[in-house]
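Each reported figure results from applying straightforward, stated rules to the coordinates on display, with no laboratory input. These figures come from a predicted structure and were not determined experimentally. As a convention, Cβ positions derive from the backbone with ideal geometry for all residues, glycine included, and neighbour counts pool all protein chains shown.
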Amino acid sequence: MNSRRNFLKQMSGAALAVGAAPSFLSSAFAGQSRSIDIPGEDDMIVRSFRFVDLETPVEYFNTWLTPVPHFFVRNHMHEPSELDPGTWQLTVGGEVEKPFTLNLSELSKLEVHSVVNTLECAGNGRSMHRPQVPGIQWGKGAVSTARFSGPRLRDVLQRAAVKPAGKHVMFRGLDEVPGKVPPFIRSIPIEKALDADTLVATHMNGTPLTKHHGFPARALVPGWIGAASCKWLTDIKVLDSEFVGNFMSPGYRFPNQPGKPGEVVKPEDTHPLTALSVKSVISGPLDGATLRSGKVSVHGAAWAGEADIVKVEISTDGGTSWKAAALGHEQSHYAWRLWSYDWKARSGDYTILSRATDSQGRTQPSTPVWNPSGYLYNAADQVKIHVA
Amino acid sequence: MSHSAVKSFALTSLLALATSLSAQEQKPQIIEGLQNPPPVRFPDDLPPGPMRGKATTSCQECHEARIILQQRLSKAAWTKEVDKMIKWGAVVDASDHDALIDYLSTNFSPDQPRYEPPRTSSEKASGKNSEKKTAK
């Protein structure tokens, strides 16, 4: 640890003197902000820029629909280097009677359906698991909400006439795979694929998808982990069984019986991740904030995958007592609810907690459910603040 | 830690132990040091060491250094990651394998301060800054 600190000291002059360092590197040493320019992405936390993984800062959980420049971005691979809407095609095949190919103009002629969906990466909150687990170290913001629009996947599949043998639907996109990394291919069960709200989305909040969000078309599997909603979609294949590949197993699986933190879990004791858990996040006051005493609005968002939020409770005394927060009026089945709680704050140091309960009777646990890949972190949220 | 602080800590620990299990289950675990104090700012490149050059070549062919800088893993976990990446095409000479794992597990172990990532540029920088000042 000390060697790193010394390195920092030693390098603080050297890096600036070299002049070859990227602009964000030298500014980091100078103690200034070290922002990175990614066009169309506004004030996002850069977990990685090659490949692109951007987290929404929680202070932007203040609108029901997340503006696209603040919508989190998760990529497993490199984004397609070329995307030509003129030559883009969507192929539908596998266990179907009438395989076919659509171009973008043909796709846009299908009936459009819209779904407001809270999309969350399965690994959101991974950095808060102890012991720490490998993967993108998401804080609280690998989650956002948008109105997604496009044809229903069901309409596309019906045109192809799925054979009785068709039990799963596989998606593949144009992600560029480095080295010998397994391609990002996953499948969903046919029941979810035929659900009226599962889309081949082409628009987000009323505008065409941006490149980071899967232009020109992506799968949108509402209420499920983000990885189900394949971007830059080009292949839909109906299979007779779940797709076999790295991102179905060992990737994106959860222990059947979560064990003790750090415990090894056998692959046969796991199942594929599907719907999201019940969860709430405090978007204000921000962690570490110092506030004036008086009326303080504690606010945030809560979501529950395929279930509805029925209650959000707030504790200002570290979990001893809980009071109900007011739920925002904007709601839709797969979307988060904004919530707020008016608190009369007196001087002191506080840990403020939030916990949500959903229509399936699930409540956020008080301690995280540890698992080897750090998926579905949903412990009651907390921020520590000082009231002056 | 002063003597009184140690005493007070011991007393707090005893009190915590005395609390019933059910109460502990109901009460959320307050996570200390997760968000506070603020993390140390690190450079956005791999730290010096005998394996820095080789780690750069082997790992950054496919992804940037930040993917490594943000991990805080045990030696066993780093071994698993390095072996997975070799399977996925990372070129690591057999003679460098153990030294690479040592380099990663020394510099990016669980006891290191959290890495603070940068942000993308803000389209309304002035608004953002004033918001932050109010919040802090």
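Using a simple spin-label model with points 7 Å from Cα along the Cα→Cβ vector, what separation in nm is obtained for A:Lys180 and A:Leu194?
Between A:Lys180 and A:Leu194, the simple spin-label model gives 4.1 nm.
Less than 16 Å apart at the alpha-carbon level, and either on another chain or at least 8 residues along: which aspartates and glutamates does that give for A:Lys237?
Correct list for A:Lys237: A:Glu95, A:Glu97, A:Asp155, A:Glu191.
If one takes the longest principal axis of the Cα atoms in chain A, at what angle in degrees, from 0 to 90 and to the nearest 10, does the Cα axis of helix A:2-18 lie?
So the inclination is approximately 70 degrees.
Applying 1/(1 + (r/R0)^6) with R0 = 30 Å to the Cβ-Cβ distance of A:Lys323 and A:His271, what FRET efficiency is obtained, to the nearest 0.05? Could you put the intermediate results ahead of the total?
Details: r = 36 Å, r/R0 = 1.20.
Plugging the Cβ-Cβ distance into 1/(1 + (r/R0)^6) gives 0.25.
In the range A:245-350, how many lysine pairs have Cα atoms under 24 Å apart, counting only pairs 8 or more places apart or on different chains?
9
Compute the length gained on full extension between A:Gln257 and A:Ser297: take 0.36 nm times their separation in residues and subtract their Cα-Cα distance, giving the result in nm to one decimal.
That works out to 10.6 nm of additional length.
Listed here are the pairs A:Lys140/B:Lys75; A:Lys167/A:Lys231; A:Lys98/A:Lys180; which of them are more than 28 Å apart at the Cα? All intermediate terms of the calculation are to be shown ahead of the outcome.
On the way: A:Lys140/B:Lys75 26 Å; A:Lys167/A:Lys231 22 Å; A:Lys98/A:Lys180 33 Å.
Beyond 28 Å: A:Lys98/A:Lys180.
At A:Glu111 and A:His386, where each label point lies 7 Å from the Cα along Cα→Cβ, what is the point-to-point distance in nanometres?
The answer from the label model is 6.0 nm.
Please find the FRET efficiency linking A:Ser81 to A:Arg130, where r is the Cβ-Cβ separation and R0 is fixed at 30 Å, and quote it to the nearest 0.05.
Once rounded, the FRET efficiency stands at 0.20.
Using a Gaussian network for chain A with springs between C-alpha atoms less than 10 Å apart, which of these wobbles most: A:Ile314, A:Ile38, A:Ile352?
The residue that fluctuates most here is A:Ile38.
Take the Cα of A:Val264, step 7 Å along the line toward its Cβ, and report every residue of the range B:69-100 whose backbone nitrogen sits under 18 Å from that point.
Only B:74-84 pass the distance filter.
Separation between the A:Thr207 and A:His333 pseudo-spin-labels, each 7 Å from Cα along Cα→Cβ, expressed in nm?
Calculated label separation equals 2.9 nm.
Any aspartates and glutamates with Cα under 20 Å of the A:Lys384 Cα? List them, leaving off those in the same chain fewer than 8 positions away.
A:Lys384 reaches A:Glu59, A:Asp287, A:Glu313, A:Asp317, A:Asp342, A:Asp349, B:Glu32, B:Glu116, B:Glu131.
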